[in-house]
Structure formats: C-alpha cells, structure tokens
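Engineer: Can you read through this structure? Questions will come right after.
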Amino acid sequence: MRWNWLYKLGTPSWFYQYTRAWLPYMYSVAFVLLLVGTVWGLGFAPIDSKQGNSYRILFIHAPVAHMAEVAYVLMAIMGAVGLIWKTKLSFMMMKASAPLGAAFTFMALVTGSIWGKPTWGAWWVWDARITSMLILFFLFLGVYVLQDAYKNSDMGNKAAAVLSLVGAINVIIIKKSVEWWYTLHQPASIMKGAVDISMLIPLLINILGMYILYLSLLFSWSQLEMLRQERKKQWVKDLTMNH
C-alpha cells in the first residue's frame, strides 16, 4: 500500500493529463527567462577583462552544458526507477530524455568550439572535459538506440537502463576532469564565487530557463511516446475522440 502513490504517478494516462495542463505555462516561462538572460548576457553584461567579448558565448554554453549533464543523471534515475519498480512511464521518459540530452550535449560541444577558437586558437582540442562530453553524446545515442534494438521491449528497456546507469560514471568524470588531469578548460567558477554579480545574474537566469525548457520538452516528448505505445489503450482512444 505504501507504494501505491508511486504506481499512480507512474501511470501514463495520469501523467499525460497532469502535465498537459502545465506545458503552455512552462514553455512561456522558459522563453521569457531565456530571452531576458540571453539579451542581458550578450548585450549588456560588462566585457571580461581577460577574454573580452568572446566570453559572452558562455551565457549559452554553460547552461546547455550543465543541462546535458543533468539530463543524463535524470535519464539514469528514470532507468533505475524502471528497473526497480517496473513502471512503464519511467522507461518512456528515459527514451524521451535520450535524444533531448544528445541535443543539449551537441549544443554544448558546438558553443564550446565557438568559445575555444578565440580562447585556445582551435575549434577542437582533445581536452579531458571536451572528450568526456563527446562520450556523453554517444552514450545518449546509445541508450536511445539500444532501447529499440530488441524485439522484446522489456529487454530493450532493461538493457538501455543498465547502460544509462553504467554511463553515469562519465558524468563524474566530466565534473572532475579539470581537477584530475591537465586541461585547457577552465574550472567551475560559479561555486567558487569567481563570477561578478553583473555576469552571474544573467547566467543564472539562463540556467533556470534551460531547466524549465528541458522539463517542458521532456514532458512533451514523453507524451508523444505515451500516445505511441498506448495507442490501443482506451484512455488514448477516448482522448482522440474528444479531440
């Protein structure tokens, strides 16, 4: 009885109805936050004393790189929940999270290259942080592909979940890479209080906006996956008839 609330939360029909009402507001808030943070950071934040204007790409790069790591951790948690409690919704959300995480990671790699060219003199270097981010990109793709690689969906879900859990070690490597090895990538600055408040505020606004955008996209893509997998269920038929 004590886990009944979890199984209700993991019901696709309940989750679909609950999140659908929130999505328009979530997208709106994310858009406003990202617009304010990006315009503030790119247009009004002061010039950096060492990097000049080239640092401004970090107002985009840092939030998407952070969200790529968060997306993987959440995907691994969804996989663990699916393995332990056998909830279909967890595996659906794991599958929806994989391409989203890959997209955020790709954006992080691209914006990082844009920052790296004027900073390091090269678009790409086999830096520990950058290389581990590239591995993260392929892990996202691997989880997504593996989930559909089996004719038996349960086997695919379990295999993808195990891969996501094993791959979570790479997130630790990403976070610690600048401390464990010699790396061109600068260490974390926010937690050390090394960012001026005039730069920190728009950066935090964009990070918050990215969180809400990611959750909005995750809910939307999960809903599509629910409709695809549950298309023969009565609640989907009723939903279709009502529209």
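The values are calculated or read from the model by the stated rules, or taken from the named source; none is laboratory data. Here the structure is a predicted model, which means the values were calculated and not measured. With ideal geometry, Cβ positions are generated from the backbone for all residues, glycine too; neighbour counts draw on all protein chains shown.
Engineer: Of everything in region 196-237, what is among the acidic types (Asp, Glu) and under 20 Å from Ile57 (Cβ atoms)? Give them in sequence order.
Structural biologist: Correct list: Asp196 only.
Engineer: Might you check whether a residue that is more than 27 Å from Gly37 (Cβ to Cβ) and either in contact with a Lys or Arg (Cβ under 9 Å, 6 or more places away or on another chain) or free of Cβ contacts under 8 Å to residues at least 60 places away in the same chain (or both) occurs anywhere in region 52-74?
Structural biologist: No - not one qualifying residue is present in region 52-74.
Engineer: OK, next. Determine whether region 175-184 contains at least one residue that is within 30 Å of Asp48 (Cβ to Cβ), modelled with pLDDT under 90 and touching an Asp or Glu at 6+ places or on another chain (Cβ under 7 Å).
Structural biologist: The answer is yes; a qualifying residue exists.
Engineer: What are the residues in region 82-112 that are closer than 20 Å to Ser220 by Cβ, aliphatic (A, V, I, L, M) and in contact (Cβ under 8 Å) with a residue 12 or more places away in the chain, if any?
Structural biologist: Scanning region 82-112 gives Leu89, Met92, Met93, Met94, Ala96, Ala98, Leu100, Ala102, Met107.
Let's see how each residue does on (1) under 14 Å from the mean Cα position of the chain (by Cα); (2) surrounded by 22 or more Cβ atoms within 10 Å (Cβ to Cβ):
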| site | (1), (2) |
| --- | --- |
| Val81 | no, no |
| Phe91 | no, yes |
| Met107 | yes, no |
| Ile114 | no, no |
| Trp126 | no, no |
| Leu134 | no, no |
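Engineer: Right, another one. Scanning for something at pLDDT 95 or above, surrounded by 23 or more Cβ atoms within 10 Å (Cβ to Cβ), within 23 Å of Arg228 (Cβ to Cβ) and in contact with a Ser or Thr (Cβ under 6 Å, 6 or more places away or on another chain), does region 47-68 turn up at least one residue?
Structural biologist: No.
Engineer: Could you check Lys86 against (1) surrounded by fewer than 17 Cβ atoms within 10 Å (Cβ to Cβ); (2) of a type in the set (Lys, Arg); (3) in contact with a helix residue (DSSP H, G or I) (Cβ under 8 Å, 6 or more places away or on another chain) and say which number it fails?
Structural biologist: (3)
Engineer: Between residues in region 136-163 that are touching a residue at least 24 places away in the same chain (Cβ under 8 Å) and in a helix (DSSP H, G or I) and residues that are of a type in the set (Phe, Trp, Tyr) and surrounded by 13 or more Cβ atoms within 10 Å (Cβ to Cβ), which pairs lie under 6 Å by C-beta distance while being six or more apart or on different chains?
Structural biologist: So the pair list comes out as Asn157/Phe91.
Engineer: Which one is farthest from Leu109 (Cα to Cα) among residues in region 136-167 that are surrounded by 16 or more Cβ atoms within 10 Å (Cβ to Cβ) and among the aromatic types (Phe, Trp, Tyr)?
Structural biologist: Going through the qualifying residues, I end up with Tyr144.
Engineer: Let me ask you something else. When only residues in region 194-243 that are of a type in the set (Val, Ile, Thr) and farther than 22 Å from Ala65 by Cβ count, which is surrounded by the fewest Cβ atoms within 10 Å (Cβ to Cβ)?
Structural biologist: Thr240
Engineer: Kindly list the number of the only condition in (1) touching a helix residue (DSSP H, G or I) at 6+ places or on another chain (Cβ under 8 Å); (2) among the β-branched types (Val, Ile, Thr); (3) crowded, with 17+ Cβ neighbours inside 10 Å that fails for Val73.
Structural biologist: Answer for Val73: the failing condition is (3).
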